[in-house]
Each structure stands twice: as structure tokens, then as C-alpha cells.
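Single-structure report; data block below.
The values are calculated or read from the model by the stated rules, or taken from the named source; none is laboratory data. Being a predicted model, the structure only gives us computed values, none of them experimental. Please note: Cβ atoms are built from the backbone with ideal geometry, for glycine as well, and neighbour counts cover all protein chains shown. Note: areas computed on protein heavy atoms with side chains; ligands, DNA, RNA excluded. Shrake-Rupley method; radii C 1.70, N 1.55, O 1.52, S 1.80 Å.
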Amino acid sequence: PIRELHGPFHGVARNASLEEVALAPGRHTLVVERDGFETVRAEVAVTDAGPTSVEVRMPFALGFSESVSVSGRTVGALGLAESPTSASRLGLPALAIPAAVDVLDSSVMEARGYQKVSDAVSRMAGVVAGEHPTAPSSFTMRGFTTSQVSVLRDGIWLGPSAMVMRPQNTFNLDRVELLRGPSSVVNGQGAVAGTVNAVTKSVQPTSAHGGQALLSFGHFNTYHAGAGVTGPVASTVWYRVDVSRSGTNGWVDRMDSGSTNVTGSLLWRPSMRARIRFSADVLDDDLPQYFGTPLMPTRFATKPMDVIRTTTGETIDERTRFINYNVDDGVAGARQVLLRSDVSLDLTPRITLNNVAYGFDARREWRNAEGYVFCASVVDVCRTVGQIQRYYGYFLINHDQRLYGDRATLNINTPIVGRDHRAVVGFEASTLDFERTRGFRRRVPVAPGDGVDLLNPVPGQYGPVELRGISPTGITSWGLFAEDSIAITDRVRLAGGLRYDGLDLDRKNLSPERVPETGGFTRQFNWWSWRAGAVVTMRRGVVAYGQYSNAKDPVSSNIFLVNANQNFDLTQAVQWEAGLKADLDNGRTQLTLAYFDITRDDVLDRFALDSATNIGGISSRGVELASTVQVTSQARLGANFALTEAEYRPSANFVRFAGNRPPNVPRTTANAWASYQDIAALLDAQTAIAGSRYLALTAPGARGRALAKADRPTS
């Protein structure tokens, strides 16, 4: 049986004869496997002249010999030949999907020294990654930030990215996929800006045991270590295990952090038509307990820095740049486990049934002094002018999350009138229990240790724990979806998707004694999502595409935290997108160009410390360009550029922010890289630039919000 057929617009054909597979003209790679025989790969040239016959002779695998072959290769392709599951479940390559999609595989991440997912994603066109202490590895793209960018783990949505995203180690990953624009059709509750999917390394059938190891060390005692092994357990059972650890001392005192990730999978093939895989993903991390440098009035700064200006006249004193004002016993860590089973059954050579069942358990702990006020006068909790007061900055929060779900899909690949046609229908459901415990200073009196010296702070201890409340949230969701793609001519392919979702939300607010308080409510949400697009082949390896899509999500961007005063319908976002993609000379030259126009209504934003307001909508449009060229067999060059014009739009009763650019959204971003590899050595150089952007700053205990601007581009 034919296991794989690789080529433009084609994924995998299983248990089919060559005559049953419709292929576009061009060169394809035929991979033939059978138990007891050696795998055979053959290059096949398919033309319009008629059927192509291929004779395959498979030698018996009677003995085993191992050889090592080392060859030079460059890194840095855009992944247009890959089939990203975050963008489509049809098995289509990125070149045939009417959307802007990037795929960065493990070889590129290892060559460039990326240790975290955010390192990899931030080098893609138009993406800025931030390491906000309370939302590690958050992203900005296409004019939107934080929870407006979905984060998936092996295609599973675990919750709002601002709460569930962790600094994931790249050694355990096979690839990172980025889908720009709304993803509601594929993933249900979809963020408007895009979706990041971290895909772990998974077991594959192999006849021999193998291994991989990685060790790197750098500035600030930064290290990254990993080891992986794979091989057969029996003739129809295989395994893979990967373990990694990364950490750093950081550039500020008491800023140590680390992350440990263990992933493993077991594959069983009871027959040629069935595949059963069990996998586990365990992550344990400790974030750096450093929460920034306090602003102070310019008149108090001995060495004012010009990188930030605020509308209220504050700056940063250069003397405080590397000082940590947090307590000595700060805690910021998480432990999470994701278990899943994947069952795939070929009902016929063209129909495959897939089922994914999963369970996720996470516990996150947080207890720090994370807010610092410079005392310019004796007022409120400020007792000494010139001190840093931490009283209102003490904050603790604990998350206890459990998620269980199942997704079943039926893939149907049946040509229509000799044209390639792919369809998928599916159903998924999940239930989630999430409990959030929080606390901050309200009744505990001010202690002498709450105020610390500006230049020589004594860390001290967190002190008494004061709980504010407990918020259990229960969410039950389900969705029905369908996706279709058909080549109506040799040059034109149409694609579309439709999805209907339901979500039941039960939110409670409890006192520390678990007595019900105000703010809780129950609500049911139902919504449709859809997208439609087309791909037109201009010439071999060059396509133009267009797409219209929509997205639905909570107005507050975080369905886990909504209260009764935020009991609004889901917000509506729509996007138009058009672009070009080119994959030439067997991947030696790749290029993507995309134009997008997004409008999102009913944006609810935090306007003060204890309130949120509907501030209107956001419109965003821009251009993204990426290109990579293999200059020689050892050298490759690449670059990308993005221009984003985003602004707030007025609502019926709020016009204050209309016309302003949203915080953390730069107008321009750019990246460039070059790699050279010659057998035993690899040289890879890269640079990144992000234009100026506004930062939203909220002072602890304050009732308003200041807007600061970072004037210098960051690189």
C-alpha cells in the first residue's frame, strides 16, 4: 500500500493504489512502506499526457545495519509545503490555504537558538512578543494583543492565552504554526488577530532506536538542555520521549527562572488501517519574580531616561534599571499535565475517522509584591518622601483548572469530476472547571517593611496573606463544524468553512469563607462562524488568494473572568484578506505577501483599577511581507516586514480613545536573518526591529490610566 504522496496541494493517501489518486502535474515523491520490507522512496513525474505507471521493488528487511550520513543544509524556509492543522483540518499545504500561515520547524528553532515559543513567533512577520510578568509569552499582531491571539497546544484550546500561556521549551516541539486572522471556524471561540499552535514531537514508526541531544549556554547563565529517544517496542508499537530544561539568572538581581518539559507518546498500529496513539505533556515552570521599574516624577530623577515619556510627567531613573523591588519569598510558578489519546481509522481508502480525547490539569500559584509607587509626598500609605511604597502592590492569585474534552472528525477525500476534493465534518465538546483565588492588601495595616529605599531596597517577606475572594467558573461548550476545499479547475481552488458553537457559563463570586457575593451569573452563548476563500494558481508554485472570515469572542477577551456587569453578547469581528504566495525551485525561494482589513466591535477595556468600560471598536489594516532565498547549497537569506495601521473607533457613548492607536501595537516591524552551514558548522545571524508604541500604565491605588510612549525602536 502507498503510505504517503507528497506534492503540491496533496497531503497523505493511505492504502490506495496509484491509479486511485488524482495528482496535479509536476514532480512528486512516492513513499511506499510494508512490514518486513525496506521503505522505498521514488521521484515521480506526472504529466497531462495520461496515467503514470511506477514499478516499485521492495527489498526484504532481513538484516540491520546502521550508517551515519552528514550533509550540509541551510535553515529558514517559510513552511509553505507543510500542512498546518491550526489553519485547516483538510491536510492541505499552506500554499493551498487562502490565509496567511507560517510554519517554523524544529530545525530552524534549534539552529537559531530559540528556547521558547515566544522567541520563534516574534521573528515572524508583524508579530511582537512580550514577557509581561502576569502574562508570559504574550503576543501582538494585526493591531490586537494578549487574549486576542489564541494559543493552542497540539491543536487544543486550553483557555485564554493571557492566563494559560507558559514559556514552553522549543526542544520538545516539532514545529510552531501561526495562522493570522480570525480562527473561529477551526477552533471555536476564536481570537481575532491570529492563532499560535505549538506542536510537540510525536512518535513515528521506525525500525531502529535513535536519539537526540541539545545543550546551549549563554549570557546571564542562560542554558537550554534537552534529550530525546525514540524506537520500536514491538513490530507494531513505537515510543518517543523528550525531556528538556531551560533557565537563566536574568539581568536583574533575584530574577532566576526555569522551565522543565517532559513529553512522551506511544503509537500502536493493530492493523494497516488503524492507528492509536497515547501521549503525555508535563510542564513545570518558575517565572522570574521581577515586575519592573517604578516611574517617578521627572524632578526627582537624577539620571532620567528618554526612552519613555508619559502624559503626566514621569520618567525612569537610570539608577534603578537593574533593581528588584519584589519581596524575597515571591512565588510565580505553574504545574500542568495534558493527557490525550488519538485514534485514527481508515474506513475506506478515501474516508478516515479521527477521534481525540484529552484531559488537562493545571495549578498556578502567584504571591508577589508587584506594584511600586514612588512617594513624591506624604500621602495615604506614603510615609517618607523618596521611598518606594509596595503596600498596594501585594497580590496573590491561585488557579485550579481542569479541562476534559473530545473531538471527532470524518475526513472525506473524494474527487469530483476528476478534480481534487477534500471535506471534513466534526463535533467537539468540552467541560471546564476553573477556580480562581485572589487576595491583596485591604485590611492589613501598613508595616515599616512595605516602604523600601529607592537604591538599596531590603526585600523583606510577603507578610500576612489577606484573601479577597474565590471565583469558581464552570464552562460547558460544544461545536459542530464542516470544512470543504475543491479544485474547480486546474488553476482555481475554492475553500470554505462553517461552524456552530454553544457555550454555557456559570460564574460565581465567593467570599474567603465561600459565602456567595455579588457579580456571579449564568449565561448561554450560541454563535455561527464562517469563512470563504479562493486560491488561484498564477503559475507553478505561485498562487494568489482571497478570504473573508469572522470571529466571535467575549467582549472582555477573557471568558474566565467576566462578571455580571460584563454580561454582554459576544463581540463581532470580520476580516478581509488577500495575498500572494510563492514556492519556487523546490523550496529554494519562498515569498508571502498579505493585505488585511479587520474590524472588531464592542471592545471592553479596563479603564481604571476596579472598572471596565465599552470603549468602542478597533479597526486595523496593514501589509505583511516575508521572503527567504537559498543563495547557495550552504547559504540562505531571509527577511520580513509588516506595516499595521490600527486605531480605536468611537462607541455610541464613548469617544475619548477614538482615533488613538491601541497600546503595544507598533506601526512597523522587521526581521532579517542569514544562515550558512558547511557539514560540521552552522553560522546563523538575525536581527529584529519594532517601531515605537504606546504602553498602558496603571498605578496601584490610582483611579485612572496614563498613556506612555516608547520613542525608540526596540531590537
Quick one: with all protein chains in place, what share of the accessible area of the chain is carbon or sulfur, to the nearest percent (1.4 Å probe)? 56 percent
May I ask you to compute the full-extension gain from Thr518 to Thr47, defined as 0.36 nm times their residue separation minus their alpha-carbon distance, rounded to one decimal in nm? 162.5 nm
For Asn586, put the label point 7 Å out on the Cα→Cβ axis and report which residues of segment 620-638 keep their amide N under 13 Å from it. 633
Keeping every protein chain present and rolling a 1.4 Å probe, give me the accessible area per residue for the chain in Å². 44 Å²
Karplus-derived 3J(HN,Hα) from phi for segment 397-402 (6.51 cos²θ - 1.76 cosθ + 1.60, θ = phi - 60°), whole Hz, x at Gly and Pro, runs 7, 10, 10, 10, 10, 9
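Can I get the semi-axes of segment 117-197's equivalent ellipsoid? Compute them from the C-alpha gyration tensor as square roots of 5 times the eigenvalues, in angstrom, largest first. Mind dumping the intermediate values first?
On the way: eigenvalues 53, 41, 33 Å².
After diagonalising the Cα gyration tensor, the semi-axes are 16, 14, 13 Å.
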Under the 7 Å Cα-to-Cβ spin-label approximation, Glu365 and Arg299 lie apart by a distance in nanometres of 4.5 nm
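Explain nothing, just the number: dipole magnitude of the chain about its Cα centre with +1 on each Lys and Arg Cβ and -1 on each Asp and Glu Cβ, in debye rounded to the nearest 20.
Working: 73 positive and 71 negative charges, 184 e Å.
I would put it at about 880 debye.
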Where Lys and Arg each count +1 and Asp and Glu each count -1, what net charge lies around Gly474 among other residues with Cβ under 9 Å from its Cβ? -1
note: segment 365-478, Cα-Cα separations exceeding 18 Å make up a percent value of 67 percent
Does a label point 7 Å from the Cα of Val233, set along Cα-to-beta-carbon, have any residues of segment 251-267 with amide nitrogen under 14 Å, and which are they? 264-267
Local charge sum around Thr537 (other residues, Cβ-Cβ under 14 Å, Lys/Arg +1, Asp/Glu -1)? +3
Is any residue of segment 402-432 close enough, with backbone N under 11 Å, to a label point placed 7 angstrom from the Cα of Tyr500 along the Cα-Cβ axis, and if so, which? none
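What does the charge count near Ala191 come to, summing +1 for each Lys or Arg and -1 for each Asp or Glu among other residues with Cβ under 12 Å from its Cβ? Before the final figure, lay out the partial values.
On the way: positive: Arg142, Arg180, Lys552, Arg600; negative: Asp553.
Result for the neighbourhood of Ala191: +3.
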Wrap a convex hull around the Cα atoms of segment 123-250, take a quarter of its surface area, and give that in square nanometres. 9.5 nm²
Label point distance in nm, Gln461-Asp253, each placed 7 Å from Cα along Cα→Cβ: 2.0 nm
Return the lysines within reach of Lys201: Cα separation strictly under 19 angstrom, same-chain partners fewer than 8 residues apart disregarded; answer none if there are no such residues. Lys116
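What is the gain in length, in nm to one decimal, between Leu683 and Val629 on full extension, counting 0.36 nm per residue of separation less the C-alpha to C-alpha distance?
17.8 nm
Starting from the alpha-carbon convex hull of segment 208-328, give the projected area averaged over all orientations, in nm². Could you put the intermediate results ahead of the total?
Working: hull surface 49.9 nm².
Computing the convex hull of the Cα atoms and averaging its projections yields 12.5 nm².
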